[in-house]
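Trainee: There's a structure below that I have some questions on.
What follows draws every value from the coordinates through simple rules; no lab data is involved. Computed from a predicted structure; not experimentally measured. Heads up, the Cβs are rebuilt from the backbone with ideal geometry, glycines too, and the neighbour counts pull from every protein chain shown.
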Amino acid sequence: MAPWKKTTRKWARGMPERASRRVSDVAIGVDLGGTGIRLARVTADGCVLGRTVVVPVVDRRKAVVLGQLRRAVVEACSGSDVVGAVGVGVPGFIRRDRGVVVRSPNFPDWRNVPIRQILQRDVVVPLVIENDANAAALGEDWIGAGQGGRGILVMVTLGTGVGGGLVNDGMLITGRDGMAGEIGHQTVDPNGPLCACGNTGCLETYASLTGLVANYRRWTGRSEDELSGVELAARARRGDPEARRAFADMGWALGVTLANLVNLLNPSRIVLGGGLSGAWPLFISRAMQEIERRAIRAAARGVRIRRAKLGPSAGLIGAARAAWQAATGTENTSAVPRPWRRVRSTMRAAG
Ligand SMILES: [Zn+2]
């Protein structure tokens, strides 16, 4: 049976005829990245319908990207499905309650961009803006590496930067401004390298591609124009001592941070994703060593540490989950904009 039939049948079953109209078939999950916008239709039980649409981002200027995003979202909403909500994952610091992107490392000219307000001109259903790593955490918790677990899931995305997200019993831990879970900017060494955030010795300065490459170049004195994570990992596998050291430091910094998080949060699951998680064998044993050395044993024993499962789709699947939660009033935050409360009551009245 096609997954969408399951959803529509569920709505129709046992309802009086007038109310048998579907409230919605799908949420649109969107992942806005530095190189592309990915969109897919996701049902309320986490089935991704059809293909993921990918719109390449070549020109990163604000007006261009926002124009592309608006067109892509409108297009996604105009299909034959009844769209209940839209969720957009965006890299950077997000004011979730206001739907504002405060700053984004991928889009340097973005400052306090009211992205929800801009998109909401064309979209009438609830629209939620979420940090991309928070969205990935929601996705992995829902149908990925954390599926079926209860309690706290810690997600760390190891990519160009280091992102983080915290989920408790299916709900994001957002903090007051929606900025909780910035795991990449936990201090590992107060005297460590300068981080883009202004602090020194953040996890990101060791465990992101940017950090790995900077450390590697500092030690080798080489300054190639481009050095990808795949290439750096290949050098480490071939025995390049500085490349091996960079990944060992990554494991050390990650282990120190995760040990702190184990002691702070007593999580049931830790999920490591992002492009650099592909270099798993080069850093994971060092990270595990640090966790064993530093975390409270009883808390560390119960935690399941896994590689992420959903790959580049985690963000859009999680953004769709956030959208479903917003549309049905089940998200765990007081920071819900007022207009949505009206939309919800209309939806309830219709259903
Ligand atoms: Zn930092």
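Trainee: How big is the convex hull of the Cα atoms of the chain, per residue, in Å³?
Mentor: Output value, Cα hull per residue: 143 Å³.
Trainee: Taking 0.36 nm per residue of separation and subtracting the Cα-Cα distance, what length does fully extending ARG176 through VAL54 add? Numbers along the way, then the final one.
Mentor: Values: separation 122, 0.36 × 122 = 43.92 nm, distance 3.26 nm.
My answer for the length gained is 40.7 nm.
Trainee: If you average over every viewing direction, what projected area does the convex hull of the Cα atoms of the range 40-177 give, in nm²?
Mentor: 8.7 nm²
Trainee: Amide H to amide H, which residues 5 or more places from THR160 or on other chains are under 5 Å from it, using H placed in the peptide plane?
Mentor: LEU209
Trainee: Once all Cα-Cα distances of the range 149-309 are split into 5 Å bins that start at 0, what whole-number percent is in each one?
Mentor: It works out to 2, 10, 19, 23, 20, 14, 8, 4, 2, 0, in whole percents.
Trainee: How do 248-257, 312-321 rank on mean C-beta neighbours within 10 Å, highest first?
Mentor: Packing proxy ranking, top to bottom: 312-321, 248-257.
Trainee: When only C-alpha pairs under 8 Å and at least 6 residues apart count, what is the relative contact order of the chain, in percent?
Mentor: Across the chain, relative contact order equals 20 percent.
Trainee: If you don't mind, there's one more thing I want to ask. Label-point separation (nm) for LEU194 and ASN112, each offset 7 Å from Cα along Cα-to-Cβ?
Mentor: Between LEU194 and ASN112, the simple spin-label model gives 2.6 nm.
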